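Undergrad: Below you'll find the structure I mean.
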Amino acid sequence: MVRQVVHGETAGTSIEPIISAAVQTAKPAPKPKAKAKKEIVDGKEGEAAPPKPTAKADNEEEREAAPPRKKAKLMANQAPQTPIAVKPAPEGCKSSLLISWNVDGIRGKGRREAVLRLLGEDQPMLLALQETKLQEKHEAEWSDLHPEYTAIFSSSKPPAKNGYAGTAMYIRKDALPVGARAAFDLQEKADLEAVWQHEGRSITIEFAAFIAVNLYVPNAGVPDLKNLDVRLKQWDVQLREYVRRLEEKKPVIVCGDMNCAHLDGDIWHVGTKDKRDLRKLAGLTPQERSSFGQLLEEGLVDTFRHFHGDASGWYTWFNTRRADSRQEGKGLRLDYFLASKSLLEPASSPSVYDSWMLDESQFRQSSDHSPIALRLLI
């Protein structure tokens, strides 16, 4: 169940649900005697930690806080970052900013300050967060984070693991929605689905002119893609059906960590001499990328690609287990703003005006993801 927390108390949402709720380095670490093995972390590839690291070497945030010793170099044939121009808000037109960010544990070091900075400086109409890792008992302390915003939470609860996954949305009080709820129903009752239903992986908010869906999509399984079939045949299929049902009522904006890099330009490895078989990595399998394409074929638009075409080198996730992954531009684009086609028509109201990524250097100490933004003209 989605909970709206106001002044430290949990209250029900204002209307009945549309759809039923269900769901770098200061000093290098001592070199290990044996070569570290590759590992995949939460669907994203990385280097396994060396055996018996020192306390300082185990402190990733401390390592990342220090500047790299030398200028990072691109791997041979790695696509450089293409400059893009973010359009300023037009004068004389009312617009609203939406921001989405996988915060990688909102209670972690630096997260509160980063969220407050987004709310206070950018003043979005809506801030959608994924992977909050909150328990229900922690929600109240995050409800009054900013006086101009109302908070809505969907947190993991038993039988799922406490403090795992989870989503939240901060809505500016002058743009309060007409309704809110948890995600779409999962009709199949396999054990894995039952767990997903309780992990707080989405929130749906209905505004006067559109519906916003905040998603933290489960990955295909680490390290053996054990969840791939369930993800493709149940989660993805029912997400497409859910979006279709919502679009019958209003245009839809889907945002969040989709745990899939759709195009070659969303994957830094493509074209390089990197030896990994991308087809076997969660989030990069041909099946997941094809399934994501089906979501777009049914009417949603990848807004970043709509406005910035085949721009390369723009990623939203970086493997923080590798000290210089951000500086070297070795990332994946896993986070998206997807919008109904009708919202991309200039004459529509509202209409999507631009879509981009915020400066990732401002969030290096806060998460392995970077926030993304979308501007609506009202």
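Undergrad: Any residue in region 184-200 that is surrounded by fewer than 23 Cβ atoms within 10 Å (Cβ to Cβ), modelled with pLDDT of 95 or more, among the aliphatic types (A, V, I, L, M) and in a loop (DSSP other than H, G, I, E, B)?
TA: Within region 184-200, not a single residue is surrounded by fewer than 23 Cβ atoms within 10 Å (Cβ to Cβ), modelled with pLDDT of 95 or more, among the aliphatic types (A, V, I, L, M) and in a loop (DSSP other than H, G, I, E, B).
Undergrad: Do you know which of the residues in region 82-108 that are within 17 Å of the chain's Cα centre (by Cα) and part of a loop (DSSP other than H, G, I, E, B) is surrounded by the most Cβ atoms within 10 Å (Cβ to Cβ)? Spell out the reasoning first.
TA: Kept after step one, since they are within 17 Å of the chain's Cα centre (by Cα), are these residues of region 82-108: 97-108.
Subset that is part of a loop (DSSP other than H, G, I, E, B): 103-108.
Numbers: 103: 28, 104: 21, 105: 17, 106: 24, 107: 15, 108: 15.
Result: 103.
Undergrad: Shifting gears a bit: Any idea which residue in region 308-331 is modelled with the lowest pLDDT, counting only those that are among the basic types (Lys, Arg) and either buried (at least 20 other Cβ atoms within 10 Å of the Cβ) or over 21 Å from residue 365 (Cβ atoms) (or both)? So that I can check it myself, show each step before the final result.
TA: Taking region 308-331 and keeping what is among the basic types (Lys, Arg), we get 321-322, 326, 330.
Then drop every residue that is not either buried (at least 20 other Cβ atoms within 10 Å of the Cβ) or over 21 Å from residue 365 (Cβ atoms) (or both), which leaves 326, 330.
Values: 326: 80, 330: 87.
Looking at the filtered set, the residue picked out is 326.
Undergrad: Taking region 295-307 on its own, how many of its residues are crowded, with 18+ Cβ neighbours inside 10 Å and not in a strand (DSSP E or B)?
TA: Summing the residues that are crowded, with 18+ Cβ neighbours inside 10 Å and not in a strand (DSSP E or B) in region 295-307 gives 5.
Undergrad: Considering only region 137-145, I want to know if a residue exists there that is modelled with pLDDT of 95 or more, more than 23 Å from residue 354 (Cα to Cα) and in contact with a Lys or Arg (Cβ under 6 Å, 6 or more places away or on another chain).
TA: No, because not a single residue in region 137-145 is modelled with pLDDT of 95 or more, more than 23 Å from residue 354 (Cα to Cα) and in contact with a Lys or Arg (Cβ under 6 Å, 6 or more places away or on another chain).
Undergrad: Tell me which residues, restricted to region 319-362, are among the β-branched types (Val, Ile, Thr) and touching a Phe, Trp or Tyr at 6+ places or on another chain (Cβ under 9 Å).
TA: If we filter region 319-362 for residues that are among the β-branched types (Val, Ile, Thr), which is where we start, we get 320, 352.
352, the sole residue that qualifies.
Undergrad: Now for a different question. Among 315, 336, which is the only one that is hydroxyl-bearing (Ser, Thr, Tyr), out of contact with any His (no Cβ under 7 Å at 6 or more places or on another chain), in a strand (DSSP E or B) and under 19 Å from residue 262 (Cβ atoms)? Show your work before the answer.
TA: Working: 315 fails: in a strand (DSSP E or B).
Testing whether each residue is hydroxyl-bearing (Ser, Thr, Tyr), out of contact with any His (no Cβ under 7 Å at 6 or more places or on another chain), in a strand (DSSP E or B) and under 19 Å from residue 262 (Cβ atoms) leaves just 336.
Undergrad: Looking only at region 245-271, count how many residues are of a type in the set (Gly, Ala, Ser), in a loop (DSSP other than H, G, I, E, B) and crowded, with 24+ Cβ neighbours inside 10 Å.
TA: Quick first cut of region 245-271, residues of a type in the set (Gly, Ala, Ser) only: 256, 261, 265, 271.
Now narrow it down to the ones that are in a loop (DSSP other than H, G, I, E, B): 261, 271.
If we keep only those that are crowded, with 24+ Cβ neighbours inside 10 Å too, we end up with 261.
Residues that pass the stated criteria total 1.
Undergrad: May I ask you to list the residues in region 277-324 that are more than 20 Å from the chain's Cα centre (by Cα) and on the phi > 0 side of the Ramachandran plot?
TA: Those that are more than 20 Å from the chain's Cα centre (by Cα) and on the phi > 0 side of the Ramachandran plot: 299, 309.
Undergrad: Taking residue 309 and the conditions (1) of a type outside the set (Ser, Thr, Tyr); (2) touching a Gly at 6+ places or on another chain (Cβ under 6 Å); (3) over 19 Å from residue 98 (Cβ atoms), which numbered condition does it fall short on, given that it satisfies the others?
TA: Condition not satisfied by residue 309: (2).
Undergrad: Continuing with this model, one more query. Any chance you could count how many residues in region 146-183 are of a type outside the set (A, V, I, L, M, F, W, C), part of a loop (DSSP other than H, G, I, E, B), at pLDDT 90 or above and within 24 Å of residue 118 (Cα to Cα)?
TA: 7
Undergrad: Continuing with this model, one more query. Say whether the condition of being of a type in the set (D, E, K, R) and under 24 Å from residue 93 (Cβ atoms) is met by at least one residue in region 327-337.
TA: No.
The values are calculated or read from the model by the stated rules, or taken from the named source; none is laboratory data. Please read all numbers here as calculations on a predicted model, not as lab measurements. All Cβ positions, even for glycine, are placed from backbone atoms using ideal geometry, and neighbour counts span all protein chains on display.
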